[in-house]
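See below for the structure under consideration.
The values are calculated or read from the model by the stated rules, or taken from the named source; none is laboratory data. Note that the coordinates shown come from a computational prediction; the quantities given were computed from them, not determined experimentally. Every residue, glycine among them, receives a Cβ derived from its backbone with ideal geometry; neighbour counts consider all protein chains shown. Just the protein is used for accessible areas: all its heavy atoms, side chains included, with ligands, DNA and RNA removed. Shrake-Rupley method; radii C 1.70, N 1.55, O 1.52, S 1.80 Å.
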Amino acid sequence: EQDFVSAAAALGLDPFATSAEDQERLLGAASAVPQSVLMSFLTIASFNAIEQQLATLRAAVEATEKNAANLAALTRLRSELDTRVHSGAPWRQGYAFAQRLRQVLRLDVKPLRTFEAYCAALKIAEKDLREASHDEPSKLFVALVSSNAKGSPGFALGSGLARDIGGSPASTFALTRALFEFLWSPVAQPCLVTIARSDREKRNRAFAAEFLAPAEALKTSVSGSVVGEDEMEEL
């Protein structure tokens, strides 16, 4: 009952005033997708189009799980990193995890300005990461990550971002948010990255920001106690 109430509320429905037909549609949706992505999906889904959106999500999960890539370096990282949740705000947890990852990778505090530098930092080949990522034309989600039979991650980037992977900050940022969910999750399971403002999304956004452009590096570039709009844009 509690799960049903939470799911209905995520969709913007009144759980105590839904018709029998709508209850069946909601229960059907809940059983059609992996539990690890259910609440993230319901938060962004439209109940009027939920069947179509479920089909899109299922297809994206299947595609990521069928990818043939073997990003062994990322799989090893997942087993090496300490994913214990520390106290504090979700974004602080994201910052801390990014700093931990940089320490494990023995990176300095320089920003990862290019896709080449990004892949080199993670110790994976650019072509392998591109092959492990596919484009999902739907704007339903920002990114999706799941594992194939080898335990290697596959990524789906929404809104055409995968076609430009490595070519824009938006695609790299989305990919890094999904990477966080793969590394943070204690077991291999699909994870959804969305435009929502949940604790999960705050955590993965903070991780991506700190991993790509560490605060310590930005501090050295700040000219004074007041930062204007032009300088902020440059930073």
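Taking the Cα centre of the stretch 1-124 as the origin and placing charges on Cβ (Lys, Arg +1; Asp, Glu -1), which of Q23, V104, A8 is farthest toward the positive end of the dipole?
The residue sitting farthest along the positive end of the dipole is V104.
Through the Karplus equation 6.51 cos²θ - 1.76 cosθ + 1.60, θ set to phi - 60°, convert the phi angles of the stretch 97-106 into ³J(HN,Hα) values in whole Hz; use x for Gly and Pro.
Ordered by residue, 3J(HN,Hα) equals 5, 5, 5, 5, 5, 4, 5, 4, 7, 6 Hz.
Angle check, please: helix 199-212 long axis (alpha carbons) against the longest principal axis of the chain (alpha carbons), in degrees 0 to 90, nearest 10.
20
Leaving out ligands and nucleic acids, note down the accessible area per residue over the chain with a 1.4 angstrom probe, in whole Å².
It amounts to 53 Å² per residue over the chain.
With +1 assigned to the C-beta of every Lys and Arg and -1 to the C-beta of every Asp and Glu, and no other charges, what is the dipole magnitude of the chain about the Cα centre in debye, to the nearest 20?
860
Please work out whether the stretch 49-128 counts as rounded, prolate or oblate from its C-alpha gyration tensor, where a ≥ b ≥ c are the square roots of the eigenvalues and a/c under 1.5 means rounded, while otherwise a/b larger than b/c means prolate and anything else oblate?
Oblate shape, in that a/c is at least 1.5 and b/c is the bigger or equal ratio.
Among the chymotrypsin sites (Phe, Trp or Tyr not before Pro) within the stretch 7-105, which fall in a DSSP loop and have no more than 16 other Cβ atoms within 10 Å of their own Cβ?
Loop-located and lightly packed - F16.
How big is the dipole moment of the stretch 30-166 about its Cα centre under a simple scheme where the beta carbon of each Lys and Arg is +1, that of each Asp and Glu is -1, and everything else is neutral? Debye, nearest 20, please.
Using Cβ point charges on Lys, Arg, Asp and Glu, the stretch 30-166 gives about 500 debye.
Using a/c under 1.5 as the rounded threshold, could you call the stretch 174-235 rounded, prolate or oblate? The axes a ≥ b ≥ c are square roots of the C-alpha gyration tensor eigenvalues, and prolate needs a/b larger than b/c, oblate otherwise.
Since a/c reaches 1.5 and a/b is larger than b/c, the shape of the stretch 174-235 is classed as prolate.
Sort out the exposed loop trypsin sites (Lys or Arg not before Pro) in the chain (DSSP loop, at most 14 other Cβ within 10 Å) and tell me the longest stretch that has none.
1-65
Which value, in debye to the nearest 20, gives the size of the charge dipole of the stretch 192-234 about its Cα centre, when Lys and Arg are +1 and Asp and Glu are -1 at the Cβ?
Rounded to the nearest 20 debye, it is 440 debye.
Using DSSP, restrict attention to beta bridges with both residues in the chain and report what percent are antiparallel, rounded to the nearest 5.
Of the beta bridges lying entirely in the chain, close to 65 percent run antiparallel.
Taking all protein chains in place and a 1.4 Å probe, what share, in percent, of the accessible surface of the chain do carbon and sulfur account for?
51
Quick one: what are the phi-derived ³J(HN,Hα) couplings along the stretch 119-134, Karplus 6.51/-1.76/1.60 with θ = phi - 60°, whole Hz, x for glycine and proline?
Ordered by residue, 3J(HN,Hα) equals 5, 4, 4, 8, 6, 10, 7, 4, 5, 5, 5, 5, 5, 7, 10, 9 Hz.
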